[in-house]
Amino acid sequence: MKSNKKKEAKKTRRFFSVFGIPYAVFLILFIIIPILIIVYYAFTENGQFSISAAASFFTSWAKWKVLLISMFVALQTTIICLLIGYPLAYFLANKKFNKNTVLVTLFIAPMWINFVLRTGATRDLLTWIGVKGGRMPYFATLVGMVYNYLPFVILPLYSTMLKLDKSLMEAASDLGANPFQVFIKALAPQTIPGIVSATLMTFMPTMSSYVISDVLSENMITLFGNYINTEFGLGSWNTASFMAMIMLLIVGISLFINLKFNKDKEGGRTQLW
Amino acid sequence: MEKENCIISLQGVSKIFDGQTVVDNISLDITKGEFVTILGPSGCGKTMTLRMIAGFEIPSEGKILLNGEDITKIPPYKRPINTVFQRYALFPYLDVYDNVAFGLKLKKIPVPQVDKKGNPILDKNGEQVIKMKHLSPKDIDQKVARALRIVDLEELEDRDISTLSGGQQQRVAIARAIVNEPEILLLDEPLGALDLKMRKEMQLELKDMHKKLGITFIYVTHDQEEALTMSDTIVVMKGGNIEQVGSPMDIYNEPRNAYVANFIGESNIYGGTMTAKLKVRFLNHVFDCVDDFPVNEKVDVVVRPEDVILTKIEGKKDQKDICQGVITEKIFKGVHFEYLVEVGKSEITVQDTRNREIGDIVKIDIEPDNIHIMKVDLTVNTFLDAWIDKENRVRISEQPFDVDVTQLLPNSTLDEEGYLIAANGKKYDLNDADVIAEVGLSNIEIIDGYDNGQCNGVIVSIIYKGDHYQIMVRTDEEEEFVVDTMYSWNENDLVSISIKPEDIKLTIKGDIAKYEVQ
């Protein structure tokens, strides 16, 4: 009887594992193989093993500069998004100020509009109010980035703020914390998971995005993404692949940091990553 | 005005929350160093009262004085009051030490400034310069260690909150509050989440702590046993009002009304009548008593189950001068048995250490001073703000009830148009006439479910009075109907009520002449 049951269980497992095959195929075809191809190109030249791509990256100040600028833009975008999104999410999640979810939906609605379309519209809008990409490319890019990624900051912060334990804030106040100290010591620590997700959801895509800077700065600002794109366009696949790999590494590292941050927090349902 | 050593004083405090009166004009003085328990069922306003003392809520009306100073609008962080929260509200991202040290790290104390030689630094006016400074890490260490010692958690300083048991978290919450040396410690049902044994232990420990610390404790609970065990003073609350304030002994032995008696300890409550001086009739028998009430007055009688003396008698005796009954239920409770004795139509719960059998016929004796007689709460529902609408119905809190309006004038009739015609031919238009409506307690019928009667409501309290239940139904419009009924209902049941037209007694406010149609 028992062994029968075991066999049965094994059979069902095998039966259900059939459903996994499409996912496995997808994984191999669209994720693993492309990554392997990137790594292959990054370390070969004309089919031979070579570190020339690596050498050209590490010795080129121009490439480093682009990487640093990209990181700087990403960092700036993230900080501005957080500064705008954090209080906004707080008020949206607070029943005292906002009793329905319509406002929340409105704030994250831009997420559902086609990205290229949206960026084009942003450019026209900015031009219309006098912020011409050609004249202030950096500012225009930043505005575009913040506008694009603000919903990604609001959403995770909003969902953490919904679950705020108000009694902790009361406890802090009871123990002698003034409103500012209550914020620092009782509210902010509770929202760390939200801040981390929001940061990653802004920082990583801004690092690699190039459409926004292309469109809004009228090609006057080159970010890392633009650079990789140009290199591919020029046919230097090895250099481009190596740079893509560097990008992948940076993204991987930031994901790893996120994991570290959230390790001892139970639940973790607020995380979008 | 206030008592000499009164530390906190609530003066006519009300709180209206979301349009509902949660706390209704309460006044309370609390003596320094007392252990005060605010006792009441959920929703009676006890937690709101505590939150107003803590400063989380600002009273809609009234004042709160701390040592004679008005603190009504002072924010919580400026009050020398600390709270132990119901769900502890410990900071999960801090360890035990940092949780306890939280308040200390924020605290600033005045430090007189001295120069390197130890001479006081003086300002222009020749007064010593005093700077507000944070406590030194050493001081904090000492204070935290002391607080943790008081709650028996010395070894757990470095532990994460999430690794502690409920009881340990409770202790951390207490340590976190007392470490700040508050003048008043507020405790909001702090033992609610613990199991029975832990709870009993903590009760004694809290009482001990209170003795050691010598500060005022204000404790909120719905558990009457907890209140009796720990308090110096108990404040019984109901529906936003204070029902009684007194020592545990007073409250238990001399409850002011049936509600308090019912809430504190087990009790038998009967409707009785004073038959002669110091004689009261209930359970179909006249008992001697020690409370002096006017003869023939309706009273409520409370008898504690442990005060009833049973004596077994052989065969049913038809003697009028003894009160006798039959045991119908028997439950073993460890220290004693609990019997239910049927006496005529009524029953009485009795606690007795002797083993008796179901079916035994017993004589019931109660010592005169164990019969507690209270002024009866209510014999009739009186609605002072009723009025007549144009269909000649009476509106009690806007709900229409059919009624016979001709009772307002003797020998009057109604004509086709709904005017009241007096015997002498005078015509009255009663639309909008203000009246007082009275309905007897037993004339109201409770019907299960909404919309089956004239008015909807929810059952807010049930008191068993020996042979019937006294039920309070609160309508959607916040009017309360008290009903005597044979049938058992549950608290929070949604019901409708119905009153027969002839059972509503109306009295016109003022002179009926002003409604006369010329």
Worksheet item: Summing Lys, Arg as +1 and Asp, Glu as -1, what charge do residues with Cβ under 15 Å from the Cβ of B:PRO368 carry, B:PRO368 excluded?
Response: -4
Practice prompt. Would you work out if chain A is rounded, prolate or oblate? Take a ≥ b ≥ c from the square roots of the eigenvalues of the alpha-carbon gyration tensor; rounded if a/c is under 1.5, else prolate when a/b is larger than b/c, oblate otherwise.
Written response: oblate
Practice prompt. Apply the Karplus parameterisation 6.51 cos²θ - 1.76 cosθ + 1.60, with θ equal to phi minus 60°, to every residue of region B:217-227 and state each ³J(HN,Hα) to the nearest whole Hz, in sequence, with x for glycine and proline.
Written response: 10, 10, 10, 10, 7, 10, 9, 5, 5, 4, 4
Worksheet entry | Cα gyration tensor category, rounded, prolate or oblate, for region A:1-124 with a/c compared to 1.5 | oblate
Worksheet item: What size of dipole, in debye to the nearest 20, comes out for chain B about its Cα centre when the only charges are +1 on Lys and Arg C-beta atoms and -1 on Asp and Glu C-beta atoms?
Response: 2420 debye
Item to complete: Excluding residues fewer than 8 places away in the same chain, name every one of the lysines whose C-alpha is closer than 26 Å to that of B:LYS363.
Response: B:LYS277, B:LYS279, B:LYS298, B:LYS312, B:LYS316, B:LYS317, B:LYS320, B:LYS330, B:LYS333, B:LYS345, B:LYS465
Practice prompt. Note down the magnitude of the dipole of region A:52-262 about its Cα centre, charges +1 on Lys and Arg C-beta and -1 on Asp and Glu C-beta and zero elsewhere, to the nearest 20 debye.
Written response: 260 debye
Worksheet item: Expressed as a whole number of Å, what is the distance separating the alpha-carbon centroids of region A:97-121 and region A:142-179?
Response: 19 Å
Worksheet item: Dipole size in debye (nearest 20) for the protein assembly as shown around its Cα centre, Lys and Arg Cβ +1, Asp and Glu Cβ -1?
Response: 5340 debye
Worksheet item: How do A:143-149, A:244-250, B:263-269 rank on mean C-beta neighbours within 10 Å, highest first?
Response: A:143-149, B:263-269, A:244-250
Discussion item. Which one, B:PHE282, B:PRO80, B:ASN5, is farthest towards the positive end of the dipole of the protein assembly as shown when Lys and Arg carry +1 and Asp and Glu -1 on their Cβ?
Written reply: B:PRO80
Worksheet item: Exactly which chymotrypsin sites (Phe, Trp or Tyr not before Pro) in region B:422-518 are in a DSSP loop and have at most 11 other Cβ atoms within 10 Å?
Response: B:TYR487
Worksheet, complete the sentence: Counting other chain Cβ atoms within 10 Å of each Cβ in B:100-108 and taking the mean gives 4
Response to the item:
Within the under-12-Å Cβ sphere about B:ILE421, not counting B:ILE421, Lys/Arg +1 and Asp/Glu -1 give a net charge of -3
Fill in: Loss of accessible area when B meets A, both sides summed, Å² nearest 100, probe 1.4 Å
1600 Å²
Item to complete: For B:LYS509, list the lysines whose Cα falls under 20 Å from its own Cα; do not include residues on the same chain fewer than 8 positions away.
Response: B:LYS390, B:LYS426, B:LYS427
Worksheet item: If we count every other residue with Cβ under 15 angstrom of B:LEU228's Cβ, Lys/Arg +1 and Asp/Glu -1, where does the sum land?
Response: -4
Practice prompt. State the answer as a single residue: which of B:TYR93, B:GLY55, B:GLY43 lies farthest towards the positive end of the charge dipole of region B:1-135, with beta carbon charges of +1 for Lys and Arg and -1 for Asp and Glu, about the Cα centre.
Written response: B:TYR93
Response to the item:
Per-residue average of other protein chain Cβ atoms inside 10 Å, peptide A:158-171 -> 3
Worksheet item: How many angstrom separate the Cα center of region B:435-453 from the Cα center of region B:6-57?
Response: 33 Å
Response to the item:
With the dipole of the protein assembly as shown defined by +1 on each Lys or Arg Cβ and -1 on each Asp or Glu Cβ, the option from B:GLY265, A:TRP61, B:SER162 whose Cα lies farthest towards the positive pole is A:TRP61
Worksheet item: Which helices of chain B meet both criteria: a Cα extent of 27 Å or more along the helical axis and a mean Kyte-Doolittle score no lower than 1.6, with helices taken as whole DSSP H segments?
Response: none
Practice prompt. If a/c stays under 1.5 just call it rounded; otherwise compare a/b with b/c (prolate if a/b is bigger, oblate if not). Do that for chain B, with a ≥ b ≥ c from the square roots of the Cα gyration tensor eigenvalues.
Written response: oblate
Worksheet item: Can you flag which of B:LYS15/B:LYS78; A:LYS185/B:LYS107; A:LYS166/B:LYS131; B:LYS63/B:LYS143; B:LYS63/B:LYS108 are past 24 Å Cα-Cα?
Response: A:LYS166/B:LYS131; B:LYS63/B:LYS143; B:LYS63/B:LYS108
Item to complete: Using Cα centres only, tell me the gap between region B:149-200 and region B:395-432 in whole Å.
Response: 66 Å
Worksheet item: At a 1.4 Å probe radius, carbon and sulfur cover how many percent of the accessible area of chain A?
Response: 71 percent
Worksheet item: Among A:93-106, B:118-131, B:216-229, what's the highest-first ranking by average C-beta atoms within 10 angstrom per residue?
Response: B:216-229, A:93-106, B:118-131
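The values are calculated or read from the model by the stated rules, or taken from the named source; none is laboratory data. Source: prediction; values computed, not measured. FYI the Cβ positions are ideal-geometry reconstructions off the backbone, even for glycines, and counts take in every protein chain you see. Remember, those area values only see protein heavy atoms, side chains included, never the ligands or the DNA or RNA. Shrake-Rupley method; radii C 1.70, N 1.55, O 1.52, S 1.80 Å.
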